[in-house]
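Notes to accompany the following structure.
The values are calculated or read from the model by the stated rules, or taken from the named source; none is laboratory data. Since the model is a prediction, treat every value here as computed from it, not as a measurement. Here the Cβ positions follow ideal geometry from the backbone for every residue, glycine too, while neighbour counts run over all protein chains shown.
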Amino acid sequence: MANAGWLRLRNPDSDIYILALKLKCMRDVELKVLVRYFRKTRNLTLNETATKTRKLEELSGMLGLSKPETEKGSSKRSSKKQYHTKSLRDLAVKVLTTKVSKQALNCAYAEIIWNDQYIKWKSEAPVLDKISINETGISREWFYHPEFSTARNQLEVKCIDATHLLTRTRRKCCKGGLDGLSNSAWKRVARTGKTLLTPIMVDDITDPMSSAMAATHFSDKVESEMRQMGEIESADLCRDIRMWWEAEDCSGIPALERFRMRESLRKRLLSHVEFCKFPPPTMNVAGWPIQLWEALLSHIDAKTMLYELCHGGCYNVRAFSSLIGETFFSELVLHDKTGCGTVSAAEFGRFIGTATEQLHMRQDPDR
């Protein structure tokens, strides 16, 4: 019967038939019944608490069956899914990718690499942090770095003209205020009639491209009237912008004094930003449009750098301007008889010759 794969076990109470080839598929509780039975009938010394593998080996040997081939552990265990403990790195990545926003991840990564990138940016600066103005040492952390032209093998300092920046500052001040302040202080001053500032200049922004009106908007008389009204913060803003404009427009001011006159506005603009904090401002910085804010800082730094880059350590501050070119091309466009305001390539040579001749005649002192 063993060769046939069946074994018959006699019991006074019942007959139990076991398929020997399926013995290893029995549950552990069923094997315990067999062990208990053989302990009583055949003096089996195996304990019921033995492992399933041990029970299978002892029972197969006692019954003369072939030793069952078993894997480590029970068949029930081997059929279960194997679980592997994930590493801390994998767990952290899963949490970050499922529960943290991309913006937060970008900000965290930017703050981590900020210091190294800032050091690298400073090391590649074409101008040192320490410069000399009228033999006075000045230490400065630059906001603006000039470009280097490989074609011309020279540094090229570029900035927007101060006149345009002043008129843009005035327009923004009239429309929505600046530096976290509204335009109410300017409206109060305009209604008093004690200065050249009028309500229509503030409310309707009369002649928005006029530098004279922009200078009136930030004049010392307007500042003084604001202080008398108790508008101290608006008066301080008016003073900082006026001092910057006078440093760009007035003649006869020493270079070191011009540098100091620009500093108050520069410090005000930089006080609103921490460059190591992310995300950075995008559209506005404390009421300043980001384009105007960057243009003013770049303009101030560019004018300061020129003291170090120019031969002799000085230059004509009003010569660094685009107004001459704008005046020239406005004269050139006047010769366009079509009224389109543009000049074709075929007409350019004749127009520029005429414009040059007229400008030469106007500037001739002996004509």
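Assess whether Lys267 counts as being outside any helix (DSSP H, G or I) and surrounded by fewer than 19 Cβ atoms within 10 Å (Cβ to Cβ).
Details: outside any helix (DSSP H, G or I): no; surrounded by fewer than 19 Cβ atoms within 10 Å (Cβ to Cβ): yes.
When the stated conditions are applied, Lys267 does not pass them.
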Residue list for region 257-269, restricted to those being among the hydrophobic types (A, V, I, L, M, F, W, C) and either out of contact with any Asp or Glu (no Cβ under 9 Å at 6 or more places or on another chain) or at pLDDT below 90 (or both):
Phe259
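Rundown of residues vs (1) in the same structural domain as Ser211 (by TED's automatic domain parsing); (2) under 21 Å from Ala255 (Cβ atoms); (3) polar (S, T, N, Q); (4) touching a His at 6+ places or on another chain (Cβ under 7 Å), yes/no style:
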{"residue": "Ile133", "(1), (2), (3), (4)": "no, yes, no, no"}
{"residue": "Ile138", "(1), (2), (3), (4)": "no, yes, no, no"}
{"residue": "Tyr144", "(1), (2), (3), (4)": "no, yes, no, no"}
{"residue": "Glu147", "(1), (2), (3), (4)": "no, no, no, no"}
{"residue": "Thr163", "(1), (2), (3), (4)": "yes, yes, yes, no"}
{"residue": "Thr167", "(1), (2), (3), (4)": "yes, no, yes, no"}
Here are some residues: Leu178, Leu197, Leu165. Which one is farther than 21 Å from His299 by Cβ and of a type in the set (A, V, I, L, M)?
Leu197
Pairs, first within 12 Å of Met62 (Cβ to Cβ) in region 30-49, second surrounded by 13 or more Cβ atoms within 10 Å (Cβ to Cβ) and small (Gly, Ala, Ser), C-beta under 8 Å, six or more apart
Val35/Ala50
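Kindly indicate whether Met226 is among the hydrophobic types (A, V, I, L, M, F, W, C) and more than 20 Å from Arg268 (Cα to Cα).
Values: among the hydrophobic types (A, V, I, L, M, F, W, C): yes; more than 20 Å from Arg268 (Cα to Cα): no.
Criteria not met by Met226.
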Determine whether Lys81 is modelled with pLDDT under 90, exposed (fewer than 11 other Cβ atoms within 10 Å of the Cβ), among the basic types (Lys, Arg) and not assigned by TED's automatic domain parsing to the domain that holds Glu274.
yes
Scanning region 147-182 for residues that are over 19 Å from Ile200 (Cβ atoms) and surrounded by fewer than 17 Cβ atoms within 10 Å (Cβ to Cβ) gives Glu147, Phe148, Ser149, Thr150, Ala151, Arg152, Asn153, Gln154, Leu155, Glu156, Lys158, Gly180
Extreme residue, farthest from the chain's Cα centre (by Cα), among residues of region 218-228 that are surrounded by 14 or more Cβ atoms within 10 Å (Cβ to Cβ) and of a type outside the set (D, E, K, R)
Ser224
Exactly one of these conditions fails for Val189: (1) outside the structural domain of Leu309 (by TED's automatic domain parsing); (2) surrounded by 12 or more Cβ atoms within 10 Å (Cβ to Cβ); (3) β-branched (Val, Ile, Thr). Give me its number.
(1)
Give the residues of region 84-128 that are surrounded by 10 or more Cβ atoms within 10 Å (Cβ to Cβ) and either among the hydroxyl-bearing types (Ser, Thr, Tyr) or outside any helix (DSSP H, G or I) (or both), sorted by residue number.
Lys86, Thr97, Val100, Tyr109, Tyr118, Ala125, Pro126, Val127, Leu128
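Among the residues of region 275-320, write down those that are basic (Lys, Arg), surrounded by fewer than 20 Cβ atoms within 10 Å (Cβ to Cβ) and either within 15 Å of the chain's Cα centre (by Cα) or assigned to a helix (DSSP H, G or I) (or both).
Lys277
Just for region 160-205: of the residues that are among the hydroxyl-bearing types (Ser, Thr, Tyr) and within 22 Å of Glu326 (Cα to Cα), which one is nearest to the chain's Cα centre (by Cα)?
Looking only at region 160-205, we keep the residues that are among the hydroxyl-bearing types (Ser, Thr, Tyr), and these are 163, 167, 169, 182, 184, 192, 195, 198.
Those still in the list that are within 22 Å of Glu326 (Cα to Cα) too: 163, 167, 169.
Details: Thr163: 30, Thr167: 29, Thr169: 25 Å.
The residue in question is Thr169.
Only one of Gly230, Gly252 is among the small types (Gly, Ala, Ser) and more than 26 Å from Ser321 (Cα to Cα). Can you tell me which? Explain how you work it out, then say what you get.
Working: Gly252 fails: more than 26 Å from Ser321 (Cα to Cα).
Among Gly230, Gly252, only Gly230 is among the small types (Gly, Ala, Ser) and more than 26 Å from Ser321 (Cα to Cα).
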Pro281 passes all but one of the listed conditions (1) in contact with a helix residue (DSSP H, G or I) (Cβ under 8 Å, 6 or more places away or on another chain); (2) free of Cβ contacts under 8 Å to residues at least 40 places away in the same chain; (3) under 27 Å from Asp220 (Cα atoms); the exception is number (3)
Criterion: farther than 30 Å from Cys310 by Cα, modelled with pLDDT under 90 and either of a type outside the set (Lys, Arg) or not assigned by TED's automatic domain parsing to the domain that holds Gln291 (or both) - qualifying residue of Gly180, Gly176
Gly176
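Okay, residues lined up against (1) at pLDDT 85 or above; (2) hydrophobic (A, V, I, L, M, F, W, C); (3) assigned to a helix (DSSP H, G or I):
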position: Lys22; (1), (2), (3): no, no, yes
position: Lys32; (1), (2), (3): yes, no, yes
position: Phe38; (1), (2), (3): no, yes, yes
position: Glu57; (1), (2), (3): no, no, yes
position: Lys67; (1), (2), (3): no, no, no
Considering (1) assigned to a helix (DSSP H, G or I); (2) within 35 Å of the chain's Cα centre (by Cα); (3) within 25 Å of Gly325 (Cα to Cα), say which one Asp240 fails and leave the rest.
(3)
